[in-house]
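Engineer: Just passing along the structure, written as structure tokens.
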Amino acid sequence: MQNLKDWETVIGLEIHAQIISKSKLFSGASTNFGSEPNTQVSLVDAAMPGMLPVINKDCVEQAIKTGLGLNAQINKRSVFDRKNYFYPDLPQGYQISQFTQPIIGEGSIEIDLKDGSSKKIGITRLHLEQDAGKSIHDLEPNKSYIDLNRSGVALMEIVSEPDIRSAEEAQEYVKKLRSILRYIGTCDGNMEEGSLRCDVNISVRKKGEELGTRSEIKNVNSIKSIGQAVDYEFKRQTEIINSGGKIDQETRLFDEKKGETRAMRTKEEAHDYRYFPDPDLPPLEIKDDWINQIKKKLPELPDVKKEKLIKEHKISSYEAAILVSDKNNVEFFDKIINENKKRNPKNIANWIIGDLFSLLNKNNLEIKNSPVKAEDLGGLIDLIEDSTISGKIAKNVFEEMFKTKKKAKDIIEKKGLKQITSTDEIENIIDKVLNNNKDKVEEYKSGKEKLFGYFVGQVMQETKGTANPGIVNEILKKKLAN
Amino acid sequence: MDLKNISLEECLKLLKKKKISSKELTAFYLKEAEANKDLNAYISLNSDNAIKSAEESDKRISTNTSRPLEGIPIAIKDLFCTKDISTTAASKMLNDFKPTYESTVTQNLWDAGAILLGKTNLDEFAMGSSNETSFFGASINPWSKDNKKYVPGGSSGGSAAAVSGNIAIAATGTDTGGSIRQPASYCGIVGLKPTYGRCSRWGIVSFASSLDQAGPMTKTVNDAALMLDVMAGYDKKDSTSANLEKTNFYKNLKNNKKLRIGIPKQYKNDQLNDEIIKLWDLGIEYFKKNNCEIVEIDLPHTEYALATYYIISSAEASSNLARYDGIRYGLRNNSENINDLYEQTRSDGFGEEVKRRIMIGTYVLSAGYYDAYYLKAQKVRSKIINDFKKAFEKVDIIFTPTAPSDAFEEGSKIDDPIQMYLNDVFTVPVSLAGLPAISIPMGLSSNDLPLGFQIIGKSFDEDSVLSAAKIIEENANFKKEVG
């Protein structure tokens, strides 16, 4: 067995991102997700005889925005081609796509890795194309159904350079790309609903050697699956080569349940798509003026926001990276800060990244659906900072807030969790504790100073943890010294 | 009153003066269409609705709210989608197809007050030069005689036969490689293919998208201008439609325009018979008489046009016809398995010629052949476009025969695709260049069959094309002598 450390994975990703737009790429039909089957279909989408495609300007604008977000070349002239193949959910018998002259050329994005390093991943191109409809095979044993609602919806296919070398890099690339798309509002990035889909091109080689033969893995539809598919393929391909075999160039399908890939079709079985320029559509010409207008409207990108967070709020690069990874995180953070500029940014970041994320994860929720709203978390943080409650109590209060959607103030009041800071009150409780433990007081005084902690514990128990620990320590020390 | 040999222009005058009603006119043509069923010019007649529409037109005429073609019954090639009216493309595939929408060109005609008489026969999916590939059988050339059946040409053969046989006042056609001009020539009528982009293609069953263009088929040049005025116009639903200011072809028509006439030397080849050359020279004389200058021009890539045309049009057709898959509409031959369903539906639904073109088109786009065929054809197409561009620096119009022969007998060429394709030799270069061209009848062949000549113009210069045609029309004084 050879050392696997001598091997490296070479990965390129093809991402299909559904464009956020009111209507489809070449027809006026609506793009509503989840509508009744075949209700969002125009004559063009159903490929009725004599129907012609007309490009939707909004979709082109979204592609240009994305190109700008990926630091990419915007091609002033691009061409739509037909990709010909038969499938029941492809009404025209061809998909309108861009083959030799895409709308967006080379670009790049920067990804952050766990070891603190960052890496630039090249983008080869981005092109516009139509989505197909959906075939539904499991409603009846001997029939298939076709839903054309998705037919003609605009997609951006974003192709990376083969710059990716590991599962982690592949995952970070998709996360970063998704975050950029969400920031600029060109794709909602929802992988479960299929609005972001990923194909993984992967080969292995001994470090420094020529590129190996690649497999194309289809249907990799979550960040987790991307990691699994890469790991599985690395193992599969190195094992084949190490046992003297050869990798076939083929298309493989990822099986989410088993975490495996399996052969779908070989190179010989590959379609001949007979691409040719679509004669129904003149070449797409884009003027500089338009690009400049779009540039001006472009929202802040995650990398820029990250630098700002570090500079303005003095939070760590790690914390900033996590916050900007999702536009909703940053918005949550900004809302808390903007509501009360005196709040400590570091504490806010800690609460979001720590307690909030952990509960959201446990409950499979996204931050935009968090039961604890930004202003409520802000309220809780204020109560810690003005010593109304201790940090320890705050954690319990937060859990309660998450469960009941109640405000911190109300929970504290109802449960009597307000911190006791009155020295008189605390002194009374301490006297009571010392009276009840006269033997222990004797032991303490004769040198068993470890018992100090015991007395503190008793006071806290007596006050259900609400006594201010600093005051308790101070008074207790005084009393025991007598 | 002879309603039979009447032009559209005359009809409009008679209707306006209330000498006839639209209802009388429409009923007359419906009756004639029924009486001449042997011409097989119509696939379907619109009898009931036509009369209703005519009554409405009469109301408008009586209240002086007439539109440009108010009350004129016309025939529509059955390639234009007509709302709730069967649209077959002369194919078994669409035998039962009723669109829920109306093509832009026909909508323009109805909005101008024209009345649909019926849908005319054509070669299946407009692929053919003789009308014989129609699923409904070939239409017959009204000039047929001596118990022989002559073809009306194709693909708009039904429209040509209807106008020539006096069972429609005017008709629409579509032209991809000569499908308006060649049947117009064979049937002795006027057929105009406008500049590519002049008329919207929306709602016309596509054959070859970069070439297809709708146009009028009429008895006179004036009628062609009247029809085109209504048919033409920018349509945002067709991305290849030209966004031009509205013009008026009828008003711009002149019969004494001084033009520089180009005669392409490559078109005068050995295969052309003497009678066509003689008529050609006669036409040149007409122009000279009208103070036009005659200039010999060079179109060096002419000989490659036919091959280029059949590669490009078939490539586009192979893709355009992929939508007829038996899934959503049209014919379906059911099967347990999807590939069998496709195979059985398409084998049964398409005729031989359509299948041949789909196969040629699929072949020339296939990996390994694309560069040698499709890509090369595109390059040659650019050269042909350039040939015309250069020629038009020296001349205003180009004058050629429309077809290398007169109409041929049914069945004589259908088994020889190459002979059939050669019919298009003079018309396809124009189509590849997207230029406007008209076929205008000049005279009769020794066989007493009509011969038409082609007048080609610069892009969007239909005005010169129509004016030149007017010169020929007035001098040739071609009269239809059958029917």
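The values are calculated or read from the model by the stated rules, or taken from the named source; none is laboratory data. All values reported here derive from a predicted model rather than from experimental measurement. Every residue, glycine as well, gets a Cβ built from its backbone with ideal geometry; the counts of neighbours run over all protein chains shown.
Engineer: Exactly one condition in (1) acidic (Asp, Glu); (2) closer than 24 Å to A:Ala29 by Cβ; (3) surrounded by 21 or more Cβ atoms within 10 Å (Cβ to Cβ) is false for A:Asp147; which is it?
Structural biologist: (3)
Engineer: Just to confirm my filter: which strands (runs of 3 or more DSSP E) fall fully inside region A:71-115 and include at least 1 residues that are among the aliphatic types (A, V, I, L, M) and within 14 Å of another protein chain (Cβ to nearest Cβ)?
Structural biologist: Hits in region A:71-115: A:94-97.
Engineer: On the phi > 0 side of the Ramachandran plot, out of contact with any Asp or Glu (no Cβ under 7 Å at 6 or more places or on another chain) and surrounded by fewer than 12 Cβ atoms within 10 Å (Cβ to Cβ), is that true of A:Gly416?
Structural biologist: yes
Engineer: Go through (1) within 14 Å of chain B (Cβ to nearest Cβ); (2) under 29 Å from A:Val200 (Cα atoms); (3) in a loop (DSSP other than H, G, I, E, B) one by one and return the number of the condition A:Val60 breaks.
Structural biologist: Going through the list (1) within 14 Å of chain B (Cβ to nearest Cβ); (2) under 29 Å from A:Val200 (Cα atoms); (3) in a loop (DSSP other than H, G, I, E, B), A:Val60 breaks only (3).
Engineer: Against the definition (crowded, with 19+ Cβ neighbours inside 10 Å, within 16 Å of the chain's Cα centre (by Cα), within 14 Å of chain A (Cβ to nearest Cβ) and at pLDDT 95 or above), how does B:Phe97 come out, yes or no?
Structural biologist: When the stated conditions are applied, B:Phe97 does not pass them.
Engineer: Is it the case that some residue within region A:88-97 is within 19 Å of A:Ser179 (Cα to Cα) and among the charged types (D, E, K, R)?
Structural biologist: There is no residue in region A:88-97 that is within 19 Å of A:Ser179 (Cα to Cα) and among the charged types (D, E, K, R).
Engineer: Checking B:Tyr304 against (1) farther than 29 Å from A:Gly133 by Cβ; (2) crowded, with 19+ Cβ neighbours inside 10 Å, which test does it fail?
Structural biologist: Condition not satisfied by B:Tyr304: (2).
Engineer: Kindly indicate which of B:Lys470, B:Lys479, B:Lys389 is in contact (Cβ under 8 Å) with a residue 60 or more places away in the chain and basic (Lys, Arg).
Structural biologist: Residue meeting the stated conditions: B:Lys470.
Engineer: In region A:209-216, is there at least one residue being polar (S, T, N, Q) and surrounded by fewer than 20 Cβ atoms within 10 Å (Cβ to Cβ)?
Structural biologist: yes
Engineer: Given the conditions (1) away from chain A (no Cβ under 13 Å); (2) in contact (Cβ under 8 Å) with a residue 40 or more places away in the chain, which single one is not true for B:Tyr324?
Structural biologist: B:Tyr324 satisfies all of (1) away from chain A (no Cβ under 13 Å); (2) in contact (Cβ under 8 Å) with a residue 40 or more places away in the chain except (1).
Engineer: Go through (1) among the β-branched types (Val, Ile, Thr); (2) under 30 Å from A:Tyr183 (Cβ atoms); (3) surrounded by fewer than 22 Cβ atoms within 10 Å (Cβ to Cβ) and name the single condition A:Ile64 misses.
Structural biologist: Here A:Ile64 clears every test but (3).
Engineer: Right, here's the next one. All but one of (1) small (Gly, Ala, Ser); (2) surrounded by fewer than 16 Cβ atoms within 10 Å (Cβ to Cβ); (3) within 13 Å of another protein chain (Cβ to nearest Cβ) hold for B:Ser319; state the number of the condition that does not hold.
Structural biologist: B:Ser319 satisfies all of (1) small (Gly, Ala, Ser); (2) surrounded by fewer than 16 Cβ atoms within 10 Å (Cβ to Cβ); (3) within 13 Å of another protein chain (Cβ to nearest Cβ) except (2).
Engineer: Can you go through A:Ile96, A:Ile111, A:Ile74 and tell me which one is β-branched (Val, Ile, Thr) and in contact with a Ser or Thr (Cβ under 8 Å, 6 or more places away or on another chain)?
Structural biologist: Going through A:Ile96, A:Ile111, A:Ile74 in turn, the sole match is A:Ile111.
Engineer: Quick one: B:Ala89 ticks every box in (1) at pLDDT 95 or above; (2) closer than 19 Å to B:Asn166 by Cβ bar one, so which box is it?
Structural biologist: Condition (2) is where B:Ala89 drops out.
Engineer: For the subset of region B:68-92 comprising residues that are outside any loop (DSSP other than H, G, I, E, B) and in contact with a Ser or Thr (Cβ under 8 Å, 6 or more places away or on another chain), which member is farthest from the other protein chains (Cβ to nearest Cβ)?
Structural biologist: B:Pro73
Engineer: Does region A:28-43 contain any residue that is touching a Phe, Trp or Tyr at 6+ places or on another chain (Cβ under 8 Å) and either away from chain B (no Cβ under 14 Å) or surrounded by fewer than 17 Cβ atoms within 10 Å (Cβ to Cβ) (or both)?
Structural biologist: yes
Engineer: Still on this structure: Quick one: B:Ser185 ticks every box in (1) under 15 Å from B:Ala75 (Cα atoms); (2) in contact with a Gly (Cβ under 8 Å, 6 or more places away or on another chain); (3) surrounded by 24 or more Cβ atoms within 10 Å (Cβ to Cβ) bar one, so which box is it?
Structural biologist: (1)
Engineer: When the residues of region B:412-436 are filtered to those that are modelled with pLDDT of 95 or more and over 15 Å from the mean Cα position of the chain (by Cα), which remaining residue is surrounded by the most Cβ atoms within 10 Å (Cβ to Cβ)?
Structural biologist: Here the residue is B:Pro429.
Engineer: Right, here's the next one. I'd like the full set of residues that are surrounded by 17 or more Cβ atoms within 10 Å (Cβ to Cβ) and small (Gly, Ala, Ser), limited to region B:28-43.
Structural biologist: If the condition is that a residue be surrounded by 17 or more Cβ atoms within 10 Å (Cβ to Cβ) and small (Gly, Ala, Ser), then B:Ala33, B:Ala41 are the ones that fit.
Engineer: When the residues of region A:318-342 are narrowed to those that are surrounded by 13 or more Cβ atoms within 10 Å (Cβ to Cβ) and over 18 Å from the mean Cα position of the chain (by Cα), which ends up farthest from A:Ile74 (Cα to Cα)?
Structural biologist: Restricting to residues being surrounded by 13 or more Cβ atoms within 10 Å (Cβ to Cβ) and over 18 Å from the mean Cα position of the chain (by Cα), the top hit is A:Asn340.
Engineer: Shifting gears a bit: Pick out the one residue from B:Glu56, B:Glu102, B:Glu10, B:Glu70 that is in contact (Cβ under 8 Å) with a residue 60 or more places away in the chain and among the acidic types (Asp, Glu).
Structural biologist: Going through B:Glu56, B:Glu102, B:Glu10, B:Glu70 in turn, just one is in contact (Cβ under 8 Å) with a residue 60 or more places away in the chain and among the acidic types (Asp, Glu): B:Glu102.
Engineer: While we're on this one: Starting from residues that are more than 10 Å from chain A (Cβ to nearest Cβ) and within 17 Å of A:Ser135 (Cβ to Cβ), keep the ones in region B:335-347 and report whichever is surrounded by the fewest Cβ atoms within 10 Å (Cβ to Cβ).
Structural biologist: It comes out as B:Asn337.
Engineer: Would you check if there is a residue in region A:168-182 being outside any helix (DSSP H, G or I) and surrounded by fewer than 18 Cβ atoms within 10 Å (Cβ to Cβ)?
Structural biologist: No; the residues of region A:168-182 include none that is outside any helix (DSSP H, G or I) and surrounded by fewer than 18 Cβ atoms within 10 Å (Cβ to Cβ).
Engineer: From (1) in the same structural domain as A:Glu61 (by TED's automatic domain parsing); (2) surrounded by fewer than 20 Cβ atoms within 10 Å (Cβ to Cβ), pick out the condition that doesn't hold for A:Gly194.
Structural biologist: Exception for A:Gly194: condition (1).
Engineer: Do any helices (runs of 4 or more DSSP H) entirely within region A:266-337 hold 3 or more residues that are within 30 Å of A:Thr100 (Cα to Cα), and if so, which?
Structural biologist: Hits in region A:266-337: A:288-297.
Engineer: Quick one: is B:Tyr250 surrounded by fewer than 24 Cβ atoms within 10 Å (Cβ to Cβ) and either away from chain A (no Cβ under 14 Å) or outside any loop (DSSP other than H, G, I, E, B) (or both)?
Structural biologist: yes
Engineer: Could you tell me whether B:Leu259 is more than 18 Å from the chain's Cα centre (by Cα), under 27 Å from B:Pro152 (Cβ atoms), more than 14 Å from every other protein chain (Cβ to nearest Cβ) and not aromatic (Phe, Trp, Tyr)? Break it down stepwise before answering.
Structural biologist: Values: more than 18 Å from the chain's Cα centre (by Cα): yes; under 27 Å from B:Pro152 (Cβ atoms): no; more than 14 Å from every other protein chain (Cβ to nearest Cβ): yes; not aromatic (Phe, Trp, Tyr): yes.
Considered against the rule, which asks whether it is more than 18 Å from the chain's Cα centre (by Cα), under 27 Å from B:Pro152 (Cβ atoms), more than 14 Å from every other protein chain (Cβ to nearest Cβ) and not aromatic (Phe, Trp, Tyr), B:Leu259 comes out as no.
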